[in-house]
1. For Asp473, only one of the following conditions fails: (1) in a helix (DSSP H, G or I); (2) at pLDDT below 90; (3) open to solvent by 60 Å² or more (accessible area, probe 1.4 Å). What is its number?
2. Which condition does Ser447 not pass, out of (1) of a type in the set (Ser, Thr, Tyr); (2) modelled with pLDDT of 90 or more; (3) surrounded by fewer than 13 Cβ atoms within 10 Å (Cβ to Cβ), if it passes all the others?
3. Any residue in the stretch 398-417 that is in contact (Cβ under 8 Å) with a residue 24 or more places away in the chain sitting within a Cβ distance under 7 Å of a residue that is surrounded by fewer than 18 Cβ atoms within 10 Å (Cβ to Cβ) and polar (S, T, N, Q)? List the pairs, counting only those 6 or more apart or interchain.
4. Hey, can you tell me all the residues within the stretch 292-301 that are more than 15 Å from Leu421 (Cα to Cα) and open to solvent by 20 Å² or more (accessible area, probe 1.4 Å)?
5. Within the stretch 7-39, work out how many residues are touching a residue at least 24 places away in the same chain (Cβ under 8 Å) and in a loop (DSSP other than H, G, I, E, B).
6. Are any of the residues in the stretch 428-446 closer than 30 Å to Trp657 by Cα, under 36 Å from the mean Cα position of the chain (by Cα) and not in a helix (DSSP H, G or I)?
7. Hey, among the residues in the stretch 540-559 that are within 39 Å of the chain's Cα centre (by Cα) and open to solvent by less than 50 Å² (accessible area, probe 1.4 Å), which one's modelled with the highest pLDDT?
8. Return yes or no: is Glu646 touching a helix residue (DSSP H, G or I) at 6+ places or on another chain (Cβ under 8 Å), open to solvent by 50 Å² or more (accessible area, probe 1.4 Å), on the phi < 0 side of the Ramachandran plot and modelled with pLDDT of 90 or more?
Amino acid sequence: MQVSKLLDQVEANAIVLPEFQREYVWKESQAKELMNSLFKEYPIGGLLTWSTENPPEIKNDAIDEEKLGLFEVLLDGQQRLTVLYMLIKDEIPPYYDPEGINTDPRDLYFNVDSGEFHFENKMVREGTEWVPVTDVFAGNLSPISIAQEQLGTEHEDFVELSQHYEEQLNQLKNVRNLDVPVETLPKSADVHQAIELFDKINSQGTHLSDAELALAHMSAQWPHIRREMKAKQAQLAEVGFDFDLNFYVKTMIGALTETMTYENVYDLPRDQLVNQWEKLAEEDGILDYLVNVLKNEAHIPSSDYINTRDVLIPFIVFLNKKDKQITWEEKRELLRWMYAAMMWTRYSGSSDSTVEHDLSLLDTESPTDHLMQEIRDDRGRIEVQPSDLEGRGKRTRRFYNMVHIVTRAHDPVDWKTGAPLTGSYNLESHHIFPKSKLYEEYNSSKSKDRKLVNEIANRAFLTPETNRHIIRDRSPEDYLPEVVEEHPDALQSQFIPNEPDLWRIDNYEEFLAKRRQNLANAINDYMDDLQIGTTEEGREDVVDLIEKGENARIEFKETFLYDVYQDQPNKELKAEVAKEIASLANAEGGVVIIGVEDGTKEIRGLDRDLKLMSDGKDDFELQLNREISDHLGHMMASVYTEVDFESVDGSEVCVVWVDPSPEPVYFKSDEGEAFYVRSGSSAEPRTMQEAQEYIERHYS
């Protein structure tokens, strides 16, 4: 069939693209090579369509629903057809929207003299013989005008050159008349047979990955799954976590089957796929939960800090198995394992089989213990040694990222202003000893010397402004004394030796040795602190908290549900607890202790509340979490609060630890939304204007 007729059928939605097909993924070089082959009338292979009366879901809904008879569903050739459509018609084909085109081929130029093709650059833009391919097919070019600009009309070769240009342009325009073979799969084929054939053919070209093929099969059952995944992909990318589509496919496979065997999802029913995806991707679902944990507890502000995406899959599957109801200890142990897996490249090589093995360990009695043991068996140890950092630079992402994470966890401050840097996503690593100074002593042409100069141990995480104003090209012995004088803890927070003798260029290698040791110790200490049995920083003994009494961070509630004045349940008391939690989250965090009388600090315990519960403490905790979730949102219940029960003087109390929220927390009720802030020892409501001023000041 002629190219022009094929394109007309695409324009009329007579040839349509199934939802299970990939997006346009060709590189510029592939588009250029296609046009070069067509210009020279080389064969480019045929197209494969599937004639069916019941087409699967079609990309971009580019289909006439009223049409009767057979539809031609394009199974193979969409990359080639897309290039031709965009260059010849200068439009995006109806089966795509602009977001589906990663590299637009319409920047391709044609040389009317040599017949070469090249994508737009300075040489092409300034050359008179280079013309846009789209202009050639639109008929907007005059060979005479091009020759005139090249030689002038008086030149003796002007006519001959004009004729040559015209021949070249006509030869390119003749691409529209070339025939492309089209083979058709009969209408007796079903969608899975079409996908299998689609995979076989694509294996000879731009090969489909296992995840892409699994997504194609899932699309046959649930046509909109690709759209849903892309929507979530875009949403998380907006907040700094940019994962490719294969990652989301693998999370589905892991959550659905607890394996990495792709074929296991080929025939799963639509409802099962939809329900699992909703659990993963809904607002405050598992993926949102994970991102919040990474950002606010793991000191990982973006996916740039994650050197392998596969490390998140066991975490996600564990959350799925537990319906996100994991304990504080389980969460810390999972983070510890995740850091170890990233540092020791647990998922290098055949990662799918390793992920599948690790998923099988999630059903054991102590899954994180078994997961950590796997890394020990592979690597011999978990602990980082100074020698691991020797000669390692930014390209060794596994250690570089961990140093970055641990630095963020130690509340670094700006060396110029002293402002906390933990909230900044624009930190850059800068050389403590400037390269310009070091290369006066070391040979930049020697690999060993370059590694020394660019070591992780010679890097600090700073803002670009601080680097320009403080370091510039000065030696540490010149500028670090100023930093220490202005901000005494600044070096310690980045594990930089506070030993002036080591700040001299002639002691650079001794400085590196000392800082390697400091960094290794910092990583190991941080990992040790995440182990079960260690005390979380900032958590004080409950008896000490009660002794201190109510203040800006401590709130007492005598009961949760039982009204001591009316001697009966009072649901409004539960809402009061949620208000106090919101006020603490909007300030600096703190703790709510239920079962202690405010004012007297007398321990009253939970007996009166528990008598009103159907299942004792389990029901108490369930109602408390539901109250927090209903009034403050699911993230407050699952990420920013932790509920414990502790015995004090023979009576049990409920302790609700509240982390400061990275975003404003509103108390929602039937009356609307309200904003509370901890003021003194109580939750104070703020007017709309007061709330706005506070938010701008506190969260900026």
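1. Failing condition for Asp473: (1).
2. Every listed condition holds for Ser447 apart from (2).
3. From residues that are in contact (Cβ under 8 Å) with a residue 24 or more places away in the chain, the pairs are Arg398/Thr345; Arg408/Thr422; Asp411/Thr422.
4. To start, the set of residues in the stretch 292-301 that are more than 15 Å from Leu421 (Cα to Cα) comprises 292-294, 297-298.
Those that are more than 15 Å from Leu421 (Cα to Cα) and open to solvent by 20 Å² or more (accessible area, probe 1.4 Å): Asn292, Glu297.
5. Initially, the stretch 7-39 is screened for residues touching a residue at least 24 places away in the same chain (Cβ under 8 Å), giving 7, 9-11, 13-28, 30-32, 34-36, 38-39.
Checking the rest, the ones that are also in a loop (DSSP other than H, G, I, E, B) come to 13-14, 17, 19-23, 25-27.
Total satisfying the criteria: 11.
6. Residues of the stretch 428-446 closer than 30 Å to Trp657 by Cα: none.
No - not one qualifying residue is present in the stretch 428-446.
7. Glu555
8. On the way: touching a helix residue (DSSP H, G or I) at 6+ places or on another chain (Cβ under 8 Å): yes; open to solvent by 50 Å² or more (accessible area, probe 1.4 Å): yes; on the phi < 0 side of the Ramachandran plot: yes; modelled with pLDDT of 90 or more: yes.
Judged against the criteria, Glu646 is a match.
The values are calculated or read from the model by the stated rules, or taken from the named source; none is laboratory data. Please read these numbers as outputs of a predicted model, since none were measured by experiment. Virtual Cβ from ideal backbone geometry, glycine too; neighbours counted across all protein chains shown. Ligands, DNA and RNA are stripped out before the accessible areas are found, and what is left, the full protein with its side chains, is counted by its heavy atoms. Shrake-Rupley method; radii C 1.70, N 1.55, O 1.52, S 1.80 Å.
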